[in-house]
Amino acid sequence: FVNGQGFEPRQDVMVYSDNQSLSVGEHPRIAGDGNGNALMAGTLHDATWNHMSVRSKLYVAGIGWDDGVNLSTESVQTAHSPSVAMDKNGNAIVVYSQDTGTSSSVQGVHAAYHSVGGSWDLPTVIESAKIATTRPGWGPRVAFDGAGNAIVVWYQYGLSGIYTNRRTSDG
């Protein structure tokens, strides 16, 4: 939507019609900054490998959408439940839950950070189930404050609580 002009024509941002084993999964998430830039993340299901990954794309005002990036790894069983945020300068963060290896009982909440004009940092585990019987974190959500600090919250299944982790603007 362009203020004063209305909606532009629809664009396909994450379509994989050329590969029938790939399909977009969960509801996409989007965030933007004050300069017209945006960040989108969603899940992609690969029927060939029987797993889901979290994919992200950046929209740069005046340029358009980038090619996108797979934030999770191909060796995971499933990555899901992404949440996205952008600060006022265009720095971005995606958080998501990820199962490791072949067991869905060991999972963690991951975060990937993108600095404006830069590239994605490697995803960081910000919560993990330390004991296989401990239930993992679910449904992470992220937001930036006015100073560029990011805060993540999630539900810790089995420990009956809401937990948090914070990333300061200086990393």
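The residues listed here are Val106, Val69; of these, the one that is surrounded by 15 or more Cβ atoms within 10 Å (Cβ to Cβ), at pLDDT 80 or above, touching a strand residue (DSSP E or B) at 6+ places or on another chain (Cβ under 8 Å) and of a type outside the set (Phe, Trp, Tyr) is Val69. Note on the range 109-118: among residues that are in a loop (DSSP other than H, G, I, E, B) and at pLDDT below 90, the one that is surrounded by the most Cβ atoms within 10 Å (Cβ to Cβ) is Val116. For the range 32-48, indicate whether the set of residues that are assigned to a loop (DSSP other than H, G, I, E, B), more than 22 Å from Glu127 (Cβ to Cβ), modelled with pLDDT of 90 or more and charged (D, E, K, R) is non-empty. Yes, the range 32-48 has at least one match. The number of residues in the range 145-171 being free of Cβ contacts under 8 Å to residues at least 24 places away in the same chain and in a strand (DSSP E or B) comes to 7. Step by step: first the residues of the range 127-160, then only those that are among the charged types (D, E, K, R) and surrounded by fewer than 15 Cβ atoms within 10 Å (Cβ to Cβ), then the one that is modelled with the lowest pLDDT. Which residue is that? By that ranking, first place goes to Lys130.
The values are calculated or read from the model by the stated rules, or taken from the named source; none is laboratory data. From a predicted model like this one, the values you see are computed outputs, not experimental measurements. When we count neighbours, we look across all protein chains shown, and the Cβ atoms used for this are built from the backbone with ideal geometry, even at glycine.
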